[in-house]
Every structure is written in structure tokens, then in C-alpha cells.
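The values are calculated or read from the model by the stated rules, or taken from the named source; none is laboratory data. This one's a predicted model, so the numbers in the text were calculated from it and none came from an experiment. Here the Cβ is made from the backbone with ideal geometry for all residues, glycine too, and neighbour counts use every protein chain on show. With ligands, DNA and RNA removed, areas are computed over all heavy atoms of the protein, side chains included. Shrake-Rupley method; radii C 1.70, N 1.55, O 1.52, S 1.80 Å.
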Amino acid sequence: MAIKTISTQVFEGQKPGTSGLRKKVKEFQRSGYLENFVQAIFNTIAPCDGHTLVVGGDGRFFNREAIQVIIRMAAANGFSRLLVGQGGILSTPAASCIIRKHQARGGIILSASHNPGGPDGDFGIKFNGDNGGPAPESLTDSIYQQTLSIDHYLIEDAEDVNLDQLGAYSLAGTAIEIIDPVADYADLMASLFDFERMKALLTNGKFRMCFDAMHAVTGPYAKEIFERRLGAAEGTVINGVPLEDFGGGHPDPNQVHAHELVALLNGDNPMDFGAASDGDGDRNMVLGKGFYLNPCDSLAVMAANAQYIPGYAEGIAGIARSMPTSRAADRVAKKLGIHCYETPTGWKFFGNLLDAGKITLCGEESFGTGSDHVREKDGMWAVLFWLNLIAVRNQPLGEIVKNHWTRYGRDYFTRHDYEAVNSERAADMIERLRGQLPDLPGREFAGLCIESADDFSYTDPIDGSETCNQGVRICFDNGGRVVFRLSGTGTEGATLRVYFDQYQNDPTLLGQDPQKALATLMDAADQVAGIIEYTGREKPDVIT
Ligand code: VG1
Ligand code: CO
């Protein structure tokens, strides 16, 4: 066996977005494309000698090939130990857990999360640091700089490793361990939640639940935790086998893409509880009987009830939410007398706050919730949190949330996505809005008067780093807010996201359909920004 030095040429555009580098599979299959990015990571974190690296992915098409390349490159770059998920599988939160537990230098996670997979779908790669969290912007910027000047990479000339067989191998002095992807993670969950109580709920013969793994990475985790450790009936987990193309579906847990699950919670004889996760297992959608739980509300209710959960019984230090997420959690923080931080979109911005012990819970409107137990959002964790809460409070999910609204008021929220729109037109729309910002306050649209308008920027309270242009937000005098931003995870054209939220505390107006409650705000948004004109679309592609 020998280390080979391979000459390579720069590929344009290897700049990580909201969560790693995401491109079409076809792009990643170009000779040297993956290798360049991996070498750029290793160059940035060098020296690699003597360190442990965690490697795994969401099982999508090209996952196994990419892992074989990464194993040979990691060995050539001097890592002493690699921990690789069996079958190439590691959910994003499990990878974070394993990095922390085994004191690794970091991990490489292969996933394009909620984006579709298969030969014509998407692929992605991200690096997480030794705290188990996504690389902060300073690091992703350095990796990107490396990709702009790279001219060679190192790779071991060796056979493929058998990814399916648990055990230890040696490759040119590097110990390679194929590990159970579920065990460490399931143990961590058992340490946070009251499994006995949840087991009693799931086996009482009355409570019926379903978990939809959407043929993505959480299948093996859900089967181990729900069906084996918590005693739920076999078949509780549906679409539980990870497939390279996610069965042709979109592994995005929202009401549009998880319609099979939504049907089980509605109609005749609905179930009591349903949940789904995304491609890499960091998102969650939670449903009650005939009830949809908005992720913004989920964070707020969790914060208000954390004391019921063993892992958080001592109370929470603080909360953080991404800027476009509704302000429901802020109200809870205020009541608890703790701080609620507002960060840019993307989990990497929570890392410093979690490491510094400033926050215990955090979340995003995009079906992401998590805590300081790892440094990623965590789909299964959120589902377990809710099950534990339902078991302790002995109330249906919908009732718990409605009680919360009665106490705190309701922050109506919805997000409208316009997918794969013309990139230039989308950029023009945002540019025009930015140009208008100073003149907007005081102007009226659809009968609503604008109170303030800005482009969100963030100064990290721990390291002082600044992040600008994170979304145009417009606040109206009735308390309503609209946020406009372009997605940093899409791979085709641009995706425009428009977020709406509005507070309501009139007890007779807490049960409306958000699309109706926010209708005036939507009219005002279109009048300010010209959404229909710039996108050429009459209505959004996805509403969540
Ligand atoms: C989206 C979400 C963001 C989330 C990110 C990664 O980013 O809006 O909240 O953190 O996806 O989630 P964007 O830039 O497309 O809006 V995951 O589950 O795809 O890693
Ligand atoms: Co994800």
C-alpha cells in the first residue's frame, strides 16, 4: 500500500451554503470533485495525525462510493482512527453524538438532508468540528479558500473496506472501526427521557402512534428506539428501510411530502401521535390527532415544559431561535426570566451559545429543534421529547398546545417557498427590497403600516464574529412580520422563502387556519416585494 499524490484542478463554486456543500450527484461524480473538497477540509484542520475522524451519511445514492474515497484519503492524510457507521449510515445527530462521545477531531457527514436523492438527485458533504457541531463560517470560509488554490490531494492506494461488517480494520497505520450507528445515540436518548413512562404509554393498548422514516436514515434508529426499547408494536415505524433514492420521495417531513403520515392522523379513526424525520434525521414533524404542530410552537412549548423531562428537570439556561422563526419562544423566555437569542438561519449559529452554556434549547421554523445534548438539530430527540411530555401530562398533543396558546397567546406562522425560480430575478427582487429599506417605515400596504424594515445581521455574542445580509424583515404596526430570504441549500435556480408571523391573544381567535389569519400580511408582502411579478408564480410551491 502506498500514499499517492494526485494532481488536481480547481472546481469553481465549492462554497458551503447554509449546511455544507450541496450539489447535484452528477457534479460530485466528476473526477476529483469530492476529493478536492475533502482535501480542502483536511488542509484546513491539519495536522490530522493522531486524531480520530467520524464518517457516515444518510444512505443516499453515492454515499458508499464517497465513504470509500474519504476512508482512503483520511488514512493518507494521517488520521490515526476512523469511526465509520455500518453500511455507511450515520444520522446527523448521531454523528454529532459520536464525535463528542469519542473525542474525535470532527466528522464528515454525507447528506443533502431533505433534498431528493438518486442519480439525478442531490448529494452533499459537511464537516463538523470537535464539539460535534457544524463548522462555523470562519472554518467553512477557510475550506472554500483552500478549494480555490488546491492542486493535489493525497489518497491511499488500497482496496475498498467492507462497510457492512462490524469490526476493526487497519489501513496503512490507520485503525478503521465499522461501528453500530445506533447504539451510542440510543443510549444518549435513554439518559435524557423517562423510557419507563413512555413504554407504559406505548404499550397501554390505547395509544396509537406512527413514525414515518421516509426511507431515509432514521429507520434503524426509530426501530431500535420505538419498537425495541420502548415496546411499540412492530410496524409503528413505516418506510423504515433507508433507500438510495428514498423510494423516489422527497425526504422532507412537512405536510406536503409526508402525506401518508398526515392521512393516518386525520380522517376516520385517526391515530394519537405521528412523526416524521428527514433525509439525515435532524428534522422532525410532529402531529397529534387531527392536529398539526408548528415547529415554532414546538420550541416554545418544549421550553415551557422542560421541567417535566428528566434531562431538563433542573431548568433551562436560555433559548435561541433563528430569526425567521416566530417569536413564540421569546414569550416563554420572558416568563421564565431567561434570554432568547435570535440567530441567522442555520444550526452552525447555535454552536457557540450551546458551548458557552448560554442556551439549553434551540430551534428553527424549518422543522428543527434540539438541545445541548448534541450540536445538531435532532429529529428523534424532538419526537421523544413530545412523547415523554404526553406521557407525563397525560394529555393529547393538541390539548397541550392549545393550553399553551391560552396562556401565552398564539404566534400564527407560515412559510411560503417558491422553488427553482430564476436566480437573477430572485436576486433582483431582494436587491430592490434592500434598496427600499430606508424609505419603507411609515408606508402603507394592504392597509398595514410598516413600522420598521431592515436586513438582519448578527454579531455572535461569544466570539464577536459578524454575519450580514441574513434576510430582509419588515414589521408592521399590527405586530405582524414578514421575512424574505433566499435559500442556501437548494441546487437548482433560486428558492425564495417568505416567512409570515403574527401574534394573537384574543381567546376567541386562537383557532384559525394560519393561511387565513395571515392573509392580509400576505397581501402586504406581495405589494411590497412584487413576489408574483418577480417569480412569475401565482402561488408558492410549498406551504409549511
Ligand atoms: C434550510 C432551512 C434552515 C436549515 C437548513 C438545513 O436552509 O431554512 O433553517 O437549517 O435548511 O437543514 P435554507 O438556506 O435552504 O433556507 V437540513 O435538515 O437541510 O440540514
Ligand atoms: Co436535515
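Which of the residues that make up the stretch 75-95 are of a type in the set (Gly, Ala, Ser) and either in contact with a strand residue (DSSP E or B) (Cβ under 6 Å, 6 or more places away or on another chain) or open to solvent by 20 Å² or more (accessible area, probe 1.4 Å) (or both)?
Restricting attention to the stretch 75-95, the residues satisfying the condition of being of a type in the set (Gly, Ala, Ser) are 75-76, 78, 80, 85, 87-88, 91, 94-95.
Once the filter is applied, which keeps residues that are of a type in the set (Gly, Ala, Ser) and either in contact with a strand residue (DSSP E or B) (Cβ under 6 Å, 6 or more places away or on another chain) or open to solvent by 20 Å² or more (accessible area, probe 1.4 Å) (or both), the stretch 75-95 yields ALA75, ALA76, GLY78, SER80, GLY85, GLY88, ALA95.
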Item to complete: Give the number of residues within the stretch 484-498 that are in contact with a His (Cβ under 8 Å, 6 or more places away or on another chain) and more than 7 Å from ligand 1 (Cβ to nearest atom).
Response: 1
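Would you say THR406 is of a type in the set (Val, Ile, Thr), more than 13 Å from ligand 1 (Cβ to nearest atom) and in a helix (DSSP H, G or I)? Please lay out each step first, then the result.
Numbers: of a type in the set (Val, Ile, Thr): yes; more than 13 Å from ligand 1 (Cβ to nearest atom): yes; in a helix (DSSP H, G or I): yes.
Spelling it out, THR406 is indeed of a type in the set (Val, Ile, Thr), more than 13 Å from ligand 1 (Cβ to nearest atom) and in a helix (DSSP H, G or I).
So that you can scan it fast, the table gives a plain yes or no per residue for (1) among the aliphatic types (A, V, I, L, M); (2) more than 25 Å from SER191 (Cα to Cα); (3) within 16 Å of ligand 1 (Cβ to nearest atom); (4) surrounded by fewer than 24 Cβ atoms within 10 Å (Cβ to Cβ):
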residue: ALA276; (1), (2), (3), (4): yes, no, yes, no
residue: ARG283; (1), (2), (3), (4): no, no, yes, no
residue: VAL286; (1), (2), (3), (4): yes, no, yes, no
residue: ALA300; (1), (2), (3), (4): yes, no, no, no
residue: TYR308; (1), (2), (3), (4): no, no, no, yes
residue: PRO324; (1), (2), (3), (4): no, yes, yes, no
residue: VAL332; (1), (2), (3), (4): yes, yes, no, no
residue: CYS340; (1), (2), (3), (4): no, yes, no, yes
Response to the item:
Restricted to the stretch 244-262 and to residues being in a loop (DSSP other than H, G, I, E, B) and among the charged types (D, E, K, R), the residue least open to solvent (accessible area, probe 1.4 Å) is ASP252
Discussion item. Taking the condition of being within 19 Å of THR92 (Cβ to Cβ) and open to solvent by less than 10 Å² (accessible area, probe 1.4 Å), how many residues in the stretch 46-72 meet it?
Written reply: 11
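Regarding GLY357, is this residue away from ligand 1 (no atom under 16 Å from the Cβ), more than 19 Å from the chain's Cα centre (by Cα) and open to solvent by 10 Å² or more (accessible area, probe 1.4 Å)? Walk me through it before giving the result.
Working: away from ligand 1 (no atom under 16 Å from the Cβ): yes; more than 19 Å from the chain's Cα centre (by Cα): yes; open to solvent by 10 Å² or more (accessible area, probe 1.4 Å): yes.
Taking the combined requirement at face value, the residue satisfies it.
Taking the stretch 406-421 on its own, how many of its residues are open to solvent by 20 Å² or more (accessible area, probe 1.4 Å) and either within 11 Å of TYR503 (Cβ to Cβ) or modelled with pLDDT of 95 or more (or both)? Quick ask: steps written out before the conclusion?
Going residue by residue through the stretch 406-421, those that are open to solvent by 20 Å² or more (accessible area, probe 1.4 Å) are 406-408, 410, 415, 419-420.
Those left that are additionally either within 11 Å of TYR503 (Cβ to Cβ) or modelled with pLDDT of 95 or more (or both): 406-408, 410, 415.
So the answer is 5.
Quick one: in the stretch 465-500, of everything that is in a loop (DSSP other than H, G, I, E, B) and within 16 Å of ligand 2 (Cβ to nearest atom), which residue is surrounded by the fewest Cβ atoms within 10 Å (Cβ to Cβ)?
Initial filter on the stretch 465-500 (in a loop (DSSP other than H, G, I, E, B)): 465, 468-471, 477-480, 487-493.
Filter once more, so that each one left must be within 16 Å of ligand 2 (Cβ to nearest atom): 487-491.
Details: SER487: 18, GLY488: 16, THR489: 19, GLY490: 21, THR491: 20.
It comes out as GLY488.
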Response to the item:
Filtering the stretch 513-544 down to residues that are in a helix (DSSP H, G or I), within 18 Å of ARG485 (Cβ to Cβ) and hydroxyl-bearing (Ser, Thr, Tyr) yields TYR534, THR535
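Out of ILE155, ILE143, which single residue is under 24 Å from SER19 (Cβ atoms), away from ligand 2 (no atom under 16 Å from the Cβ) and in contact with a Ser or Thr (Cβ under 9 Å, 6 or more places away or on another chain)?
Numbers: ILE155 fails: under 24 Å from SER19 (Cβ atoms).
Result: ILE143 is the single residue among ILE155, ILE143 that is under 24 Å from SER19 (Cβ atoms), away from ligand 2 (no atom under 16 Å from the Cβ) and in contact with a Ser or Thr (Cβ under 9 Å, 6 or more places away or on another chain).
Restricting to the stretch 137-162, and then to whatever is among the hydroxyl-bearing types (Ser, Thr, Tyr) and surrounded by 14 or more Cβ atoms within 10 Å (Cβ to Cβ), can you tell me which residue is nearest to the chain's Cα centre (by Cα)?
Taking the stretch 137-162 first, the residues among the hydroxyl-bearing types (Ser, Thr, Tyr) are 138, 140, 142, 144, 147, 149, 153.
Going one step further and asking which of them are surrounded by 14 or more Cβ atoms within 10 Å (Cβ to Cβ), we end up with 140, 142, 144, 147, 153.
On the way: THR140: 18, SER142: 23, TYR144: 22, THR147: 25, TYR153: 31 Å.
Only one residue fits best here, namely THR140.
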Practice prompt. Determine whether ILE462 is buried (at least 21 other Cβ atoms within 10 Å of the Cβ) and either over 21 Å from the mean Cα position of the chain (by Cα) or under 23 Å from GLU431 (Cβ atoms) (or both).
Written response: no
Discussion item. For the list (1) among the aliphatic types (A, V, I, L, M); (2) in contact with a Phe, Trp or Tyr (Cβ under 8 Å, 6 or more places away or on another chain); (3) open to solvent by 10 Å² or more (accessible area, probe 1.4 Å), I need the number of the one condition that LEU265 fails.
Written reply: (3)
